[in-house]
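Note sheet for the following structure.
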Amino acid sequence: MTDKYNVEAAELLANEALNLPISEAVPIYEQLLATYPTAAKYWKQYVEAHMAVNNDDAIKQIFSRCLLNCLHVPLWRCYIRFIRKVNDKKGVEGQEETRKAFDFMFNYVGADIASGPVWMEYIAFLKSLPAQTSLEETQRMTGVRKAYQKVIVTPTHHIEQLWRDYENFENSVSRTLAKGLLSEYQPKYNSARAVYRERKKYADEIDWNMLAVPPSGTSKEEVQWMAWKRFLAFEKGNPQRIDSASANKRMAFTYEQCLMYLYHYPDIWYDYATWHAKSGSIDSAIKVFQRALKALPDSEMLKYAYAELEESRGSVQAAKKVYEGLLGDDGNATALSHIQFIRFIRRTEGVEAARKYFMDARKSPNCTYHVYVAYAMMAFCLDKDAKFAHNVFEVGLKRFMHEPSYILEYADFLSRLNDDRNIRALFERALSSLPPEESVEIWKRFTQFEQTYGDLASMLKVEQRRKEALSRTGDEGESALESSWQDVVSRYSFMDLWPCSSKDLDHLTRQEWLSKNFGKKIEKPALANGIGSAGSDKSSSGVPTSSNSVKVVYPDTSRMVIYDPRQKIGLTTPVQPGVPIIFPPSSGTLAGAGAPNVLNDILKTLPPALASFVANLPAVEGPSPDVDFVLSICLQSNIPLMPGRSANNTQMQAGPAPSTSDLSGSTKFKPTRERHAGKRKDVDRQDDDDSTTVQSQPRPRDVFKIRQMQKARGTGSQTGSVSYGSAFSGEMSGSTG
């Protein structure tokens, strides 16, 4: 496959493997499962292929690879089916093995919301066990009762049916004993049923057939991520109010299920590990991090989080091993990994060890100026060694004189030392070596320094030098402002204190933009909601402006809508006449969905005009449109008739067609013969009825009504007749022709 995580290609491969001999299908399944190791449906299909040829050894090996990582009920039912098949003819020993397999399964997926059928199968298995003596009968009944009592307090899809079965079971054994047991478990069952109804709302939002792929930012992935986040938050609240041990087990089960689908999301792994750590199970958190790094070996964030956890619990060597893994080969180590390792070494091994590693790290080909800045500030702030920090900056300056960011960091360090002489010397050295286009920030900082700490003469001199230097970069606005008002504002401001009002600041900002774009040809904007020009007179900065020269146009933010995948696309504000309606792009046509056969079948059932329209729709990725809303807009639009139907228009004038407002308002119609009986009812309202149009009617919510309106309108405009009986009851019909 060209794309490793191409879901459609994976489905095609899986379907192809179904029709191949097992020897040819095995490489395909292994390829699929190497890419999607948590795809329970592919594991199940793989196992069933081996079960078809009775390859028991291969089946056991496959189950050992997938069961504990794929907590999916259908896969586990396949496991139980295999165990029962193997132990079916082994008598009592085989029955005991089957019972242990059921217990093993319930320990992992017994709390699943879809585990009801498995519990039913287990109870039926217990009831089928032979009982030769009264003791064995009692033991069997006790096992069945315990199974019922476990499942009726487990929120599953079949909880109500299981409760009825439990009632029947207890009443069949002893009505006297049943009364006490049922009254004891009734509140627990009610609580579990209430939790099930809440849990079902969250479970229904999840796509349980989705394959685990790396996040790519699609709306479907975002919706599923949010659905799992809501589900996890719901489970963390312990809605069933069970004991802490059971609640933690339930929470771990939910996280494991989540990772089957969000396997490539580092935040889910991190949340799972930190939840274990907060619950007091540090060892479990360590195991989760180890699994996470195996799943996402390139995630630096997970490695730092793992090292942090190891260091916090005192496992310095384990944390150091993680950092060394981040460094890898010296040629592949990043500057950030060097910096973080220096910090770790200083925390755990002391100043000298950190200094020694810095001396080695600066020889690395991937060592950037960030490493020098980080270690110099560490020596200055933590080791209180200003001289050594100054030496580090000086050594780095020989190597990174071409980096403006390094110059600025060095200047900040010298400012902390109150070394104004070396600050000026640093700026002069940097400006003499840097080209003008790369020295903008250096000049800005130099000017700010003189404005804050220099005298008036040095301040004005640096400002003038800055303008002269930057004018050679092609920035004509700077050269045009020989002594601008902005310079005065900059000199006499401090932090967020300004010597002018916010309105004046806005005006100055606009003047600065105008000065930079002075002389450039700018088209006159067509929109009328832009900000006006500065006027035809000269501004205070001396830049001549014209009311027709430049106009800054801002977007109409009142029509902007923040995209949220959870929102249902639809009409949120009433349609205003004359205002264009902008629809979000659709999620794609059927032609782009990878199902040409389905599209062809649908097109065959559509009228020719509509089929041609659907076939020519472009493929667009995005949210799906609201069908009701689109139909209502189509009905409200005045669509011109096609040429060649003028004859039909004359026929339409021969007899009045039924008002579409009647069709949309009610489904109760009077026979048309009453209209020709000479009784002119509601004459006073005739004008109002004639003036009523579809545009004045509220948009119906019933799709059936909308389609009937469209059908009636189309028929009325062509032939002047409407058949009511065929559309509604089959009895009432009339003609207006």
**Complete:** Selection over segment 362-383 where residues are among the small types (Gly, Ala, Ser), within 41 Å of the chain's Cα centre (by Cα) and closer than 14 Å to Arg343 by Cα yields a count of 2
**Item:** Selection count where residues are charged (D, E, K, R), over 30 Å from Lys229 (Cβ atoms) and within 46 Å of the chain's Cα centre (by Cα), scope segment 163-189
**Value:** 4
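Any residue in segment 131-139 that is farther than 30 Å from Gln257 by Cβ, at pLDDT below 95 and open to solvent by less than 60 Å² (accessible area, probe 1.4 Å)? Don't jump to the end; show me each part of the working.
Residues of segment 131-139 farther than 30 Å from Gln257 by Cβ: 131-139.
So of that shortlist, the ones also at pLDDT below 95 come out as 131-139.
With the extra rule that they be open to solvent by less than 60 Å² (accessible area, probe 1.4 Å), the set shrinks to 131.
Among the residues of segment 131-139, at least one is farther than 30 Å from Gln257 by Cβ, at pLDDT below 95 and open to solvent by less than 60 Å² (accessible area, probe 1.4 Å), which makes the answer yes.
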**Message:** I want to confirm something. Restricting to segment 469-498 and keeping residues that are at pLDDT 85 or above and open to solvent by 80 Å² or more (accessible area, probe 1.4 Å), which single residue is farthest from the chain's Cα centre (by Cα)?
**Reply:** Tyr492
**Prompt:** Is at least one residue of segment 300-309 in contact (Cβ under 8 Å) with a residue 12 or more places away in the chain, in contact with a Gly (Cβ under 8 Å, 6 or more places away or on another chain) and buried (at least 21 other Cβ atoms within 10 Å of the Cβ)?
**Reply:** yes
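Looking at segment 78-94, which of its residues are buried (at least 17 other Cβ atoms within 10 Å of the Cβ) and charged (D, E, K, R)?
If we filter segment 78-94 for residues that are buried (at least 17 other Cβ atoms within 10 Å of the Cβ), which is where we start, we get 78-80, 82-84, 87.
If the condition is that a residue be buried (at least 17 other Cβ atoms within 10 Å of the Cβ) and charged (D, E, K, R), then Arg84 is the only one that fits.
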**Asked** Which one of the conditions (1) crowded, with 18+ Cβ neighbours inside 10 Å; (2) assigned to a helix (DSSP H, G or I) does Glu97 fail to meet, given that it meets all the rest?
**Response** (1)
**Complete:** Here the residues within segment 24-69 that are in a loop (DSSP other than H, G, I, E, B), under 16 Å from Ala10 (Cβ atoms) and of a type outside the set (Val, Ile, Thr) are Tyr36, Pro37, Ala39
**Request:** Take Asn171 and decide whether it is out of contact with any strand residue (DSSP E or B) (no Cβ under 6 Å at 6 or more places or on another chain) and loosely packed, with under 13 Cβ neighbours inside 10 Å.
**Result:** no
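Kindly indicate which of His390, His370 is assigned to a helix (DSSP H, G or I), touching a helix residue (DSSP H, G or I) at 6+ places or on another chain (Cβ under 6 Å) and under 30 Å from Glu428 (Cβ atoms). Full working, then the answer.
Values: His390 fails: touching a helix residue (DSSP H, G or I) at 6+ places or on another chain (Cβ under 6 Å).
Step by step, each of His390, His370 is checked, and only His370 is assigned to a helix (DSSP H, G or I), touching a helix residue (DSSP H, G or I) at 6+ places or on another chain (Cβ under 6 Å) and under 30 Å from Glu428 (Cβ atoms).
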**Asked** Here are some residues: Ala192, Ala124. Which one is within 28 Å of Lys249 (Cα to Cα), under 48 Å from the mean Cα position of the chain (by Cα) and either surrounded by fewer than 13 Cβ atoms within 10 Å (Cβ to Cβ) or of a type in the set (Asp, Glu) (or both)?
**Response** Ala124
**Asked** Within segment 317-344, how many residues turn out to be closer than 22 Å to Ala273 by Cα and open to solvent by 50 Å² or more (accessible area, probe 1.4 Å)?
**Response** 3
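If I ask for residues that are in a loop (DSSP other than H, G, I, E, B) and open to solvent by 70 Å² or more (accessible area, probe 1.4 Å), which ones from segment 199-214 would you list?
As a first pass, look at segment 199-214 and keep what is in a loop (DSSP other than H, G, I, E, B): 204-214.
If the condition is that a residue be in a loop (DSSP other than H, G, I, E, B) and open to solvent by 70 Å² or more (accessible area, probe 1.4 Å), then Asp204, Glu205, Trp208, Asn209 are the ones that fit.
Conditions (1) open to solvent by 30 Å² or more (accessible area, probe 1.4 Å); (2) in contact with a His (Cβ under 7 Å, 6 or more places away or on another chain); (3) assigned to a helix (DSSP H, G or I), marked per residue:
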residue: His157; (1), (2), (3): yes, no, no
residue: Gln161; (1), (2), (3): yes, no, yes
residue: Arg197; (1), (2), (3): yes, no, yes
residue: Gln224; (1), (2), (3): no, no, yes
residue: Lys229; (1), (2), (3): yes, no, yes
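The values are calculated or read from the model by the stated rules, or taken from the named source; none is laboratory data. Computed from a prediction, not measured in an experiment: that's the story for all the values here. Positions of Cβ are backbone-derived with ideal geometry, glycine not excepted, and every protein chain shown enters the neighbour counts. Only protein heavy atoms, including side chains, enter the accessible area calculation; ligands, DNA and RNA are left aside. Shrake-Rupley method; radii C 1.70, N 1.55, O 1.52, S 1.80 Å.
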